[in-house]
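The values are calculated or read from the model by the stated rules, or taken from the named source; none is laboratory data. Note that this is a predicted model, so its numbers are computed, not measured. Backbone-built Cβ (ideal geometry, glycine too); neighbour counts: all protein chains shown. Side chains are part of the model used for accessible areas, which takes the heavy atoms of the whole protein and leaves out ligands, DNA and RNA. Shrake-Rupley method; radii C 1.70, N 1.55, O 1.52, S 1.80 Å.
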Amino acid sequence: MSKKVLIMSASTGGGHNRAARAIKEELTQKVIDGETIECEIIDSLKLVNTTMDKIISTGYEKSAIYTPKAYGKVYRMSESNLASKNEFKDNVLTSFMARKFKKLVLDKQPDLIVGTHPFPMIALSTLKKAYNQEDTLFKNNNVSIPPLITVLTDYTTHPTWIQNEIDYYIVGHEYVKELLVSEGVSPNKVKPFGIPVEKSFLHNRDRDVVLSELGLDSDKLTVLLMGGSFGAGNIKETLTELLDIDRDFQIIVITGKNISLKEKLEKNLNIYPHNKNVCVLGYTNNMNDILASIDVLITKPGGLTTTEALLKDVPMIVPYYIPGQEEENLDFLCNCGSALRTTKKYSLSVLLKVLIDDPSRLDLLKENIKSICKFNSSQNIANLIEDNLIKNIK
């Protein structure tokens with residue numbers, strides 16, 4: 001009988017689902033005792049309740065675009081002693097989710113569960129704790145929770161990720177491992193494999209071809225401006241600042257799913273005086289090609305965006321971010337010397353002019369990027385899962 005693995009994700013931003021798909025892609029190629037591993041991705045919030053999914057997923061999207069400071073305050077509050085690690089299991093919402101996941105475990109009978117979002121792993125940890133203590137939550141149900149592996153999708157930690165019942169934590173870098181260890185997690189539980197991306201992302205077409213299709217010059221320094229899948233960040237103001245810089249470069253702008261932003265930018269470009277060649281795109285599936293064809297990325301530092309930029313050797317300038325995990329991703333990048341952050345004095349204009357005037361600065365950033373890149377994350381995660389599945393056979 002083939003082994004079954006569930007990957008618990010959620011649609012709060014694009015990174016959790018894409019990490020889940022990357023793991024599944026690698027895991028379904030594994031064979032144990034002549035049988036391929038069965039692997040299914042579960043959108044956790046949709047499973048629990050469609051209304052809850054809309055509230056949480058849409059709430060994250062709206063806060064990312066319209067009220068990032070408010071989101072940051074909530075994030076910081078949840079990091080405080082009022083809500084410390086291992087305490088998120090003791091609330092009504094978690095208990096409700098746990099009951100839903102109990103039915104899932106009974107129906108699917110998985111041999112191992114991977115989580116790319118903290119919410120389902122809190123609920124599953126609640127179940128595991130209840131089972132181990134013979135809690136009434138498991139009364140008359142002969143069910144046990146299999147090994148749990150959590151995949152952190154940012155270059156930082158948060159108390160919601162840390163649960164005693166988790167068997168392994170996959171993190172983006174050794175720095176993040178040390179953060180978990182400092183929070184009391186055993187070093188043996190933490191694997192700094194990197195944040196997983198799909199194999200297709202690692203391949204790309206030639207820069208000449210990609211830029212030519214976008215109506216751009218392959219010999220000219222190219223800057224990409226974006227704000228994540230929702231088009232968050234001060235993109236309109238940032239683009240205006242770029243247009244005013246007295247240097248010769250071209251610009252790609254990606255607005256993601258924010259259609260109205262794309263229309264506003266195109267309208268403004270027609271009336272705002274400038275001498276730059278600008279290509280405005282909406283949502284695109286060609287990020288692997290585009291990131292490999294640019295020289296500088298100006299964006300907010302989401303976990304997935306950060307990982308993809310690192311894998312393509314693209315230096316980042318960060319003029320905006322959502323307070324919370326993105327701010328801490330930026331701390332990671334700056335501590336590694338692989339990104340620049342704007343300040344009141346060191347504006348985007350100042351930073352970009354220096355990079356354009358002195359290409360060796362770009363080369364230094366790229367060298368630092370190479371030193372922290374993790375190319376085989378999905379494969380290493382799949383190997384860890386395979387080893388645990390085989391171990392449980394014996």
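When both residues are 6+ apart or on different chains and their Cβ atoms are under 7 Å apart, which pairs have a first residue that lies in region 148-168 and is hydroxyl-bearing (Ser, Thr, Tyr), and a second that is surrounded by fewer than 19 Cβ atoms within 10 Å (Cβ to Cβ) and part of a loop (DSSP other than H, G, I, E, B)?
157/183
Is it the case, given these coordinates, that residue 352 is of a type in the set (A, V, I, L, M, F, W, C), within 19 Å of the chain's Cα centre (by Cα) and part of a helix (DSSP H, G or I)?
Criteria not met by residue 352.
Among (1) at pLDDT 95 or above; (2) more than 19 Å from the chain's Cα centre (by Cα); (3) hydrophobic (A, V, I, L, M, F, W, C), there is one condition residue 297 misses while meeting the rest; what is its number?
Among (1) at pLDDT 95 or above; (2) more than 19 Å from the chain's Cα centre (by Cα); (3) hydrophobic (A, V, I, L, M, F, W, C), the lone unmet condition for residue 297 is (2).
Can you name the residue in region 319-347 that is under 20 Å from residue 221 (Cβ atoms) and in contact with a strand residue (DSSP E or B) (Cβ under 6 Å, 6 or more places away or on another chain) and, of all such residues, is most open to solvent (accessible area, probe 1.4 Å)?
340
Condition check ((1) under 15 Å from residue 349 (Cα atoms); (2) among the charged types (D, E, K, R); (3) within 24 Å of the chain's Cα centre (by Cα)) across all residues:
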{"residue": "212", "(1), (2), (3)": "no, no, no"}
{"residue": "220", "(1), (2), (3)": "no, yes, no"}
{"residue": "225", "(1), (2), (3)": "yes, no, yes"}
{"residue": "238", "(1), (2), (3)": "yes, no, yes"}
{"residue": "244", "(1), (2), (3)": "yes, yes, no"}
{"residue": "253", "(1), (2), (3)": "no, no, yes"}
{"residue": "272", "(1), (2), (3)": "no, no, no"}
{"residue": "277", "(1), (2), (3)": "no, no, no"}
{"residue": "283", "(1), (2), (3)": "no, no, yes"}
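Among 243, 224, which is the only one that is at pLDDT 95 or above and open to solvent by less than 10 Å² (accessible area, probe 1.4 Å)?
224
Given the condition free of Cβ contacts under 8 Å to residues at least 60 places away in the same chain and surrounded by 14 or more Cβ atoms within 10 Å (Cβ to Cβ), answer yes or no: does some residue in region 197-215 qualify?
no
Could you please let me know if residue 94 is at pLDDT below 95, open to solvent by less than 70 Å² (accessible area, probe 1.4 Å) and under 23 Å from residue 323 (Cβ atoms)?
Spelling it out, it is not the case that residue 94 is at pLDDT below 95, open to solvent by less than 70 Å² (accessible area, probe 1.4 Å) and under 23 Å from residue 323 (Cβ atoms).
Could you please find all residues in region 354-383 being within 16 Å of residue 36 (Cα to Cα) and open to solvent by 20 Å² or more (accessible area, probe 1.4 Å)?
379, 383
Looking at 171, 151, 181, which is the one that is within 29 Å of residue 300 (Cβ to Cβ), at pLDDT 95 or above, in contact with a strand residue (DSSP E or B) (Cβ under 7 Å, 6 or more places away or on another chain) and surrounded by fewer than 22 Cβ atoms within 10 Å (Cβ to Cβ)?
Unique residue meeting the criteria: 181.
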